[in-house]
């Protein structure tokens, strides 16, 4: 019996060595199965690489099961995420920074853009000065609020010079149409919706020349510590999706529009074409985020509020 057992062991080892010599990988032990990831995002094309990653199977290819939960905006998603629900959050710069201040951590940038941040106004509003005393729709707690204050500041004004009305994006369009507000500050596609629906409504300004808007991926320190493999799979899948989108804009637009239940595929395409899907941790990202943080009096401690080691694992090009 002992000799037979010894012969079986040697036979097994010999077979494994032969397979290795032929370049065939040996399945020593099964890889640990990745746990499902619940991803919180908004309901606009800005989250396109996450949506495409799920719908085109880029996450599945990495062995990661995902569930996407959509909210009216990234800032609304952040409010829900703050209660301890969800695995990761994707949101704009301002809600992300506020989340990091409360003990959560950033993992990577998700996308960035400038011309998609917009200020829409009734026809009689021609400049910042014309907004004085007027009602302006703003999504408080989001980058919409930051852009509002930045735009006014550049014109020598401040938030007290206008009446800020806290509204969700869709409410801004209807509010402008009814005459309840004189202008609103948000992001596309709500500007295009308003100019199509409201006579004489126009784009008063875009973020270009004012700031670069970033979306970021955040999670809890507890989740990061326990789910490194899941985070790495997510980053690989999202990066692959972001590289696929520019070469497949028509298909990507159809996928994204369907997931967020938006009926205008052309506008979706126009938006995702204007977005940079690079997820690298760069000096530009840190500088732009620092500017947002400083504006709201929130200093970012990059050593404790952001963990770039997951990006480093992906490769040197992801961290600069």
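The values are calculated or read from the model by the stated rules, or taken from the named source; none is laboratory data. Since the model is a prediction, treat every value here as computed from it, not as a measurement. Virtual Cβ from ideal backbone geometry, glycine too; neighbours counted across all protein chains shown.
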Failed item, numbered, when residue 260 is tested on (1) over 14 Å from residue 110 (Cα atoms); (2) without any contact (Cβ under 8 Å) to a residue 40 or more places away in the chain: (2)
Every residue from the stretch 283-307 that is free of Cβ contacts under 8 Å to residues at least 40 places away in the same chain and surrounded by 13 or more Cβ atoms within 10 Å (Cβ to Cβ): 286, 290, 302
Residue ID - farthest from the chain's Cα centre (by Cα), chosen from residues in the stretch 249-285 that are part of a loop (DSSP other than H, G, I, E, B) and within 26 Å of residue 318 (Cβ to Cβ): 282
Residue list for the stretch 138-160, restricted to those being surrounded by fewer than 17 Cβ atoms within 10 Å (Cβ to Cβ) and touching a residue at least 24 places away in the same chain (Cβ under 8 Å): 140, 154, 155, 157
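Listed here are the residues, each with its yes/no results for (1) modelled with pLDDT of 95 or more; (2) in a strand (DSSP E or B); (3) assigned by TED's automatic domain parsing to the domain that holds residue 55.
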| site | (1), (2), (3) |
| --- | --- |
| 69 | yes, yes, yes |
| 76 | no, no, yes |
| 96 | yes, no, yes |
| 136 | yes, yes, no |
| 141 | no, no, no |
| 144 | no, no, no |
| 149 | no, no, no |
Lone qualifier among 258, 253, 205 - being under 26 Å from residue 171 (Cα atoms), touching a strand residue (DSSP E or B) at 6+ places or on another chain (Cβ under 6 Å) and at pLDDT 95 or above: 205
Some residue of the stretch 236-248 being more than 18 Å from the chain's Cα centre (by Cα), surrounded by fewer than 18 Cβ atoms within 10 Å (Cβ to Cβ) and closer than 15 Å to residue 55 by Cα: yes
Conditions (1) touching a helix residue (DSSP H, G or I) at 6+ places or on another chain (Cβ under 6 Å); (2) farther than 30 Å from residue 302 by Cβ: number failed by residue 149: (2)
